[in-house]
Amino acid sequence: MKRIGLLGAGTVGSSLAQLITARPDLDLVITKALVKDISKKRAGLDKSQLTTNPQEVLDNSDILVEVMGGTGLAAELMLQSLQNGKAVVSANKAALAERWNEFLPFMQAGNLYFEAAVMVGTPAIDIASHSLRGSNPIELHAILNGTCNYILNQLENGVDYQTALDKAQELGYAEADPSLDVGGYDAAHKLNILARLLFDPNISWSSVSNNTSGISHLSPKIMANAIANNGRIRLIASVFPEDGAWKAAVRTVFLANEHPMASTASNRNALYFRGDACGEIIVTGAGAGGAATASGVLADIIQAMNNIAGPSPLAKAMIAPKQNIKLLEVV
Ligand code: NAP
Ligand code: HSE
């Protein structure tokens, strides 16, 4: 029996607890779950499992699962556990992107797992740290934020911006601070991780965040106009060559209907990668929500239980093509 210590028992933590209960074959037990409010009821967990004392979680776990969020306490507790030689599974793209260098030695040791941090249970980290590495990259474009994609789809259906955001929060898609979603920063966190794994390990968080914008300027009218012009507007996170170096940016772009990501709707995500030998590859699937994220987290727990190393960081930058490529139209 492996003991799981849980940091956080909100949308993702509670879904994970229910998934683990439904999988007795895995021989997993959640010993303790860290929360702020111990009186709140949580599906999949009973009161005896909840605590407000982080040390209790750390002391009673073989594998630490962090689904609490934020770049402060959550990161400190993960680092403490990693320093003690424990495997850590996290869905926290903000902490990984903004504190990458502190986590790096533990990635190199294979003790940190983070499939659910990008595109939840849809494969992204696994392919970025493995199958896509056989080709020299040329470009990557991706829909990485489920909340924004959901809102944009709702705007296309004539729903106003605030109503769409409220619904995304109710469905458990949004971050605790939804300005991270609509401001483009959540997509930027995820892009920064993919960019470091596939293009250049030194692409810094500040370089990505300085080239990030969100969706709050969009309205049902602008979306209807794009549809009338045979396309869709989507928040796209991209890595591409610019003057012989890699550039990462997040912005809203116009996708013609023929584009493989134009039909990505609701809370779904999509990743388009073009490499010199593999050609074009597209992966699509759920991009937000408790169950789909818990699926990615559980996949990582299974890897850790089987002593399969977590994703390895890229050792050095891939060579950027000298010629610029034709870019999508920014809206
Ligand atoms: P959430 O519903 O807000 O849950 C956060 C949990 O952490 C809550 O149980 C909260 O306790 C606990 N917590 C937060 N700060 C704490 C503190 N200082 N001390 C003790 N407990 C604390 O968030 P979520 O949607 O599950 O997301 C969790 C993480 O997964 C985030 O990093 C998020 O980016 C990531 N993620 C989420 C999704 C998604 O679709 N929701 C998808 C992929 C990744 P209380 O319940 O008592 O408030
Ligand atoms: N808030 C995030 C999103 C959750 O909407 O994509 C999944 O990482």
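Taken together, the values in this text are just the output of simple stated rules run on the coordinates, not laboratory data. Not measured: the values here are computed from a predicted model. Heads up, the Cβs are rebuilt from the backbone with ideal geometry, glycines too, and the neighbour counts pull from every protein chain shown.
Here are the numbers:
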{"quantity": "Residues of the stretch 201-217 classified as in a loop (DSSP other than H, G, I, E, B) and crowded, with 21+ Cβ neighbours inside 10 Å, total", "calculated": "3"}
{"quantity": "Answer residue from the stretch 251-269, given it is part of a strand (DSSP E or B) and within 16 Å of ligand 1 (Cβ to nearest atom) and is surrounded by the most Cβ atoms within 10 Å (Cβ to Cβ) among those", "calculated": "ASN269"}
{"quantity": "Test: residue in the stretch 179-198 that is more than 30 Å from GLN108 (Cα to Cα), surrounded by fewer than 18 Cβ atoms within 10 Å (Cβ to Cβ) and within 16 Å of ligand 1 (Cβ to nearest atom)", "calculated": "yes"}
{"quantity": "Strands (runs of 3 or more DSSP E) fully within the stretch 1-111 counting 3 or more residues that are surrounded by 17 or more Cβ atoms within 10 Å (Cβ to Cβ) and away from ligand 2 (no atom under 16 Å from the Cβ)", "calculated": "2-7, 28-34"}
{"quantity": "Meets criteria (of a type outside the set (Lys, Arg) and more than 25 Å from GLU170 (Cβ to Cβ)) for VAL29", "calculated": "yes"}
{"quantity": "The lone exception for LEU140 - which of (1) within 15 Å of LEU197 (Cα to Cα); (2) assigned to a helix (DSSP H, G or I); (3) among the hydrophobic types (A, V, I, L, M, F, W, C) it fails", "calculated": "(2)"}
{"quantity": "Evaluation of CYS278 against (1) over 19 Å from LEU327 (Cβ atoms); (2) in contact (Cβ under 8 Å) with a residue 12 or more places away in the chain; (3) under 20 Å from the mean Cα position of the chain (by Cα); (4) away from ligand 2 (no atom under 16 Å from the Cβ) (one fails), failing number", "calculated": "(3)"}
{"quantity": "The listed residue being in contact with a Leu (Cβ under 7 Å, 6 or more places away or on another chain) and within 11 Å of ligand 1 (Cβ to nearest atom), out of ALA95, ALA33, ALA91", "calculated": "ALA33"}
{"quantity": "Unique match (being away from ligand 2 (no atom under 16 Å from the Cβ), basic (Lys, Arg), in a loop (DSSP other than H, G, I, E, B) and within 30 Å of GLU66 (Cα to Cα)) among LYS316, LYS326", "calculated": "LYS316"}
{"quantity": "Number of positions in the stretch 114-132 that are assigned to a helix (DSSP H, G or I) and closer than 20 Å to LYS247 by Cβ", "calculated": "2"}
{"quantity": "Index of the failed condition, ASP126 passing every other in (1) surrounded by fewer than 24 Cβ atoms within 10 Å (Cβ to Cβ); (2) closer than 23 Å to TYR272 by Cβ; (3) within 11 Å of ligand 1 (Cβ to nearest atom); (4) of a type in the set (Asp, Glu)", "calculated": "(3)"}
